[in-house]
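Heads up: the structure comes next, in structure tokens.
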Amino acid sequence: MEICFCATEKKYGKEVVLDHLDLRFPLSKGIISFLGPNGIGKTTIMKLLAGILLPTAGTITVTDGLDPYDGWAREHVAYCSSDDRYLSYKLTGIDNIVRYGVLKGVDRKTVLSNLEKYAEILHFDSFLNKRVEQMSTGQKKMIKVLAAFCCGYPVLILDEPTNGLDEEARQNLIDALIAMKKTTPCTLFVSSHDFEFIHRITDTHLFMFGKDRVEMRTLHDASLEQLQSAYHAIKNGGNRS
């Protein structure tokens, strides 16, 4: 099963952010990272994948899907933005997680069952009953990540999840994503400028540097230096082998 972008274009007013993009995203268990400079369209692609945005031209389809893509995405994709959007500061972590799931159409019992599983695996139960306004930046991020995972959807999207995290919170997030990768049958899309973070969690990457320099590459067992080298080679239009 795949999500397919075919000649997909996205404009904001007269500004073309994505120009006739052709991509195929396999939906199989694992993590795909988005790497590229600011303003290149990573968040736009993620919002298109989530059905939050619609393409200006071209199509987005899912193989084996009969409904329009945005309708399919609303029932199969959970999106976690880079900011505190969707968090209610007066509610507890658990209440926010349940609230997000219910808004996505998932029943409360399913959300709480998933939360119990992940809290036990990740040992994050210590702050779930705190109000969000009392949480650290790292704890807020984790609530958003847990909310996405507790939906039980097959596609999850995390946009710049390490923004604003200190080293301890960043390491907690890495540990959480590695654990979730092993226990959760889903496809996870992650964008970040943090090469070391990306290197720790995945080996499949979408490199984005404009219309003619978009490439999906899997670097099995690559070192951090090899990942950085591939990034700069594609950025500079060099050898892509």
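Each value in this text was obtained by applying a stated rule to the coordinates, not by laboratory testing. All values derive from a computational prediction rather than experimental measurement. Cβ: placed from backbone, ideal geometry, glycine included. Neighbour counts: every protein chain shown.
Here are a few things to note about the model shown:
- Among LYS117, LYS47, LYS144, the order by Cβ neighbours within 10 angstrom, fewest to most, reads LYS117, LYS47, LYS144.
- Using R0 = 30 Å, the C-beta based FRET efficiency linking LEU219 and ASP175 works out to 0.85.
- Normalised per residue, the volume of the convex hull around the Cα set of the chain (Å³): 128 Å³
- Of LYS14/LYS141; LYS109/LYS130; LYS29/LYS140; LYS140/LYS235, those spanning more than 31 Å from alpha-carbon to alpha-carbon: LYS14/LYS141; LYS140/LYS235
- Spatial separation of Cα centroids for the range 151-186 and the range 12-74, in angstrom: 20 Å
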